[in-house]
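The values are calculated or read from the model by the stated rules, or taken from the named source; none is laboratory data. From a predicted model like this one, the values you see are computed outputs, not experimental measurements. With ideal geometry, Cβ positions are generated from the backbone for all residues, glycine too; neighbour counts draw on all protein chains shown. Quick note on the areas: whole protein, heavy atoms, side chains included, nothing else; ligands and nucleic acids left out. Shrake-Rupley method; radii C 1.70, N 1.55, O 1.52, S 1.80 Å.
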Amino acid sequence: MKNIVFAVVCLFGVVTSNAQDKNKKMTFEVDGKCDMCKMRIEKAALNVDGVKYAVWDIPTHQLSLIVDEHKTNAMEIKTALVGVGHDTKELKASQEAYDNVHPCCKYRDDNTDDSEKH
Amino acid sequence: MKYILILFLSLPISIIAQDGIKGMVMEANAENKHIGLAGANVYWLNSQIGTMTKDDGTFSIPYSKEYNKLIISFVGFQTDTLTIEKPRMVHHWLQPSNQLDEVVVQQERDAIQKTYFSAQNVVTVNSAELLKAACCNLSESFETNPAIDVNFNDALTGTKQIQMLGLTSPYLLITQENIPMVRGASQAYGLTFTPGTWVESIQITKGAGSVVNGYESISGQINTELQKPLMDTPIFVNGYANLNGRLELNTHINRKLSDKWSTGFYIHGNRRDVEVDNNDDGFLDAPLANQINIANRWQYQNPEKGWVSFFNVRFLNDEKQVGQTDFNPDMDKFTTNTWGSKIDTRRFDSSLKLGYVFPESPYQSFGFQVAYSKHKQDSFYGFNVYDIDHESVYSNFLFNSIIGNTKNKFKTGLTLAYDGYDELVNNQNFGRVDQSLGAFFEYSYTNLEKLSLTAGLRVDTHNRLGTFITPRLHVRYTPWEKGSLRGSFGVGRRAANIFAENQKLFASSRAIRLVQNDGNIYGFDAEKAFNYGVSFLQGFSLFNRPGNVTVDYYRTDFENQVVVDWENPREVVFSNLEGKSFANSLQFEINHEVLPNVELRAAYKYYDVKTDFQTGLLQKPLQARNRYFANIGYNTNEKENGSQWRFDYTLHALGQQRLPDTSSNPEEFRLGEFSDAYSLMNAQITKVFSKKFEIYLGGENLTNFRQNNPVLGAEDPFGANFDTTIVFAPILGRMVYAGFRFKS
């Protein structure tokens, strides 16, 4: 029994390490409204070690990422995003971080697409 | 043993379960039925602790006193935040969100776009801007743009030569879809070989360009993107006629053959067979011309696999006849009956481009391009014979990727080029072969906000230029909002094609003298120049309408240049530079929507371009030190069916220009030291009837300003004083044109 459990654990270990992709694609929603937000969001994501590519789409609010799963995960990226004041579905930015975003990026008041203005 | 193991495994679960929160997330409904939502996100605010609901909508999540806000979210529902003070059961209904998923963004793009974020000083001119002047070909596409100056080349052909930063087009790299295009044998007339309607957009880079496109660019780069079969309209027809007898017809036929393949046929023809001599000097004011230009493009696009490809072929036949109005080439060629010239060009171009974007990593791609062209020009100017055949092969392989993340990108690749020339100048053959192999690496950095940088280096080995290194550097810094400060530095090198670039010298009695110094190129050393500059762009909003101001200053220093000295009216002397040669250029430009739908663009340019000629350090001849430019465009609002009026007015004012020395000529053939200042006005009105049909009417040189004596010694073209090279103003007077565009 011991050996079987060990074998199962080993197998699982192998599977999970294979599942850790060096070029893992992920997308999730990040709140924001304009080009300035886009720059702030992408910059915050790319500043997380292991994030190779980050593009935030203004109308859909989707952040598309390619990350090295050995180095980071979605929660770490979301933590970085709320750190610069941008809410995700799961994590909300602290009031302090939100107060630091430019007045024209105050998406909580009115979450519209403002790309033409900035 | 077995039980101990089970106990161990279940222990952590039971610990969480004790202090955890259990609950169920449900879809809100009128009856308050318990319809579980599977896959909803349940997270603690500002933590990394979260879970998802199971198939029946239930969940359990560990609880800790640090957290008290529980967030529940699901795509298509409003996200809710619950305040939780102590562990308890949570039953929550999520409300469907009323927001529409699709948002259509429509934005009007400016006809001229200046980049705030790129490291290079690039101006993109799109097709809306190109329609402001009903340009017949690429050389006329720059009339409404202050970055490029249009100069008149010679009295016979009236070919417009362009210049940037005070330097003529040989010092500019002119590319078509990033393949070097107007160079070598086509330097003098090449810009007239791309019909205006074929052009989709133009990118103008001021200052040293990228190392990716080679070592030849010195003062800047002009890249032309042609219409793409997939994007262009299925049928496009444009007809044009002007009162000086020029007729033009452009037809595009594009077909989408499958999801992946499209093809397009582009046919251009123009002719002028009306003899115009408004100044009564016996010489044609504009050439009799005939051009047929046919291209076929194939486009392949496979977004799933990441492949993009273009294959192009083009054939051109261009004939020009210039000289005295009575000249008949069949009877008068190489006789002293009348003076005339014919320039016949045939050209074949083909190119293949392949691009691949790795589907798993969109920041990684490679591109390969190969182009072959054969250019054959047979010409005579009076008794001077000039024939040139130029066969060219160019290929470039490029790989793009990142270092760590997309803030650090690089491009690297190889360039292979071959140019075979068979050149006959009167009885002398200047045949030669140029071969080069180069490797390049370009690194670019952006911190996505304040700073971006592009640094490139290439190493080339060339059979006549030797082995050399070309560094280029571009930096951009944003000190505050909408401000962009740029700096650039670069080195460029070039083997001057002295005859092809200065063909106008054949239409004079000037003797051609080469003061050689055992160099490899016509006995000269290759040209080498350093270009550096700074520019500042500031966007603003005045009366709630956008605008921007640009100031830039560039300097080019030649270490080695093939100097063309026209200062003795009896000869043209080519020699390598001894002493100094530099070009300083200062430009101030403002763009603003001054009234609703009224765009104003105004610019002032100052050029200080000097070269050590045999007679000393002199300002470059036939170039105005001061230039002013203004363009006003007004559009009425587009109606539902697409109908609209468009008005456009352009003013060019040029200060006095230094003329080459003619003081040793007999008195009647002397010109002043400087030409007078003058201004030119162009205007155009376009009536758009619908998205399918529009007509335009316009005029160039509306004040009818002309240089009154463009041909010196016109009475005796075989005499010693015959000279058509000193041209500083239009020869053709007012020109009225009209045309239509049909799209379907």
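Below, the figures for the structure above:
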item: Rounded to the nearest 10 Å², the accessible area of residue B:298 at probe 1.4 Å; result: 80 Å²
item: For chain B, accessible area per residue (1.4 Å probe, heavy atoms of protein chains only), Å²; result: 44 Å²
item: Using θ = phi - 60° and Karplus 6.51 cos²θ - 1.76 cosθ + 1.60, couplings along segment B:556-563 (whole Hz; Gly, Pro as x); result: 10, 10, 8, 8, 8, 9, 8, 8
item: Packing-based ranking, highest mean first, of B:364-370, B:738-744 given that Cβ atoms within 10 Å are counted; result: B:364-370, B:738-744
item: Alpha carbon Rg of segment B:586-744, scaled by the compact-globule rule 2.2 N^0.38 Å; result: 1.40
item: Chain B - Kirkwood radius from inverse mean 1/r over Cα pairs (Å); result: 29.5 Å
item: Local electrostatic count, residue B:195, Cβ distance below 11 Å [Lys/Arg +1, Asp/Glu -1]; result: -1
item: Separation of alpha-carbon centers, segment A:64-100 and segment B:409-457, rounded to whole Å; result: 43 Å
item: Environment charge of residue B:442, counting only residues whose C-beta is closer than 11 Å and scoring Lys/Arg +1, Asp/Glu -1; result: +4
item: Residue among B:725, B:295, B:384 farthest towards the positive dipole end of chain B, charges placed on Cβ; result: B:295
item: Reduction of at least 20 Å² in accessible surface, 1.4 Å probe, comparing all protein chains with the chain by itself, residues of segment A:51-75; result: A:52, A:53, A:59, A:66, A:75
item: Anisotropy class of segment B:489-537 from Cα gyration tensor, a/c 1.5 cut; result: oblate
item: Only Lys, Arg (+1) and Asp, Glu (-1) charged, at Cβ; segment B:137-225 dipole about Cα centre in debye; result: 180 debye
item: Accessible-area order (highest first, 1.4 angstrom probe) of the listed residues B:645, B:339; result: B:645, B:339
item: Cα centre as origin, Lys/Arg/Asp/Glu Cβ charges: chain B dipole, Debye; result: 2520 debye
item: HN-Hα J in Hz across segment B:156-165 - Karplus 6.51, -1.76, 1.60, θ = phi - 60°, x for Gly and Pro; result: 8, 8, x, 4, 8, 9, 9, 9, 9, 6
item: Largest to smallest accessible area among B:409, A:78, B:639 [probe 1.4 Å]; result: B:639, B:409, A:78
item: Percent accessible area from carbon and sulfur atoms, the protein assembly as shown, protein chains only, probe 1.4 Å; result: 57 percent
item: Principal-axis tilt of helix B:2-19 within chain B, Cα atoms, nearest 10 degrees; result: 80 degrees
item: Too-long pairs where the Cα-Cα distance tops 20 Å, listed order kept, from A:92/B:22; A:22/B:54; A:89/B:482; B:132/B:692; B:114/B:743; B:342/B:376; result: A:92/B:22; A:22/B:54; A:89/B:482; B:114/B:743
item: Peptide A:79-88 - average C-beta neighbours from other chains (10 Å radius); result: 1
item: Among B:546-552, B:77-83, the order from most to least packed when residues are scored by Cβ within 10 Å on average; result: B:546-552, B:77-83
item: Test item: B:39-45 mean partner chain Cβ contacts at 10 Å; result: 3
item: Accessible area buried at the B-A interface, both sides summed, 1.4 Å probe (Å², nearest 100); result: 2700 Å²
item: Cα gyration tensor, segment B:452-584 - rounded (a/c under 1.5), prolate or oblate; result: oblate
item: Taking chain B and dividing mean pair separation by its residue count, relative contact order in percent (alpha carbons under 8 Å, at least six apart); result: 9 percent
item: Averaged over B:356-365, number of beta-carbon atoms from partner chains that fall within 10 Å; result: 3
item: Kirkwood-based Rg to Rh ratio, the protein assembly as shown, C-alpha trace; result: 1.07
item: Convex hull per residue volume in Å³, alpha carbons only, for segment A:23-117; result: 80 Å³
item: Sequence of A:31, A:87 from largest to smallest accessible area, 1.4 Å probe; result: A:31, A:87
item: Net charge, residue B:602 excluded, C-beta distance under 14 Å - Lys, Arg +1, Asp, Glu -1; result: 0
item: Most to least packed among B:456-468, B:557-569 [average Cβ atoms within 10 Å]; result: B:557-569, B:456-468
item: Solvent-accessible surface (1.4 angstrom probe) belonging to residue B:182, in square angstrom, nearest 10; result: 10 Å²
item: Karplus-derived 3J(HN,Hα), 6.51/-1.76/1.60, for each residue of segment B:282-295, Hz, glycine and proline x; result: x, 10, 4, 7, 9, x, 7, 9, 7, 9, 10, 9, 10, 9
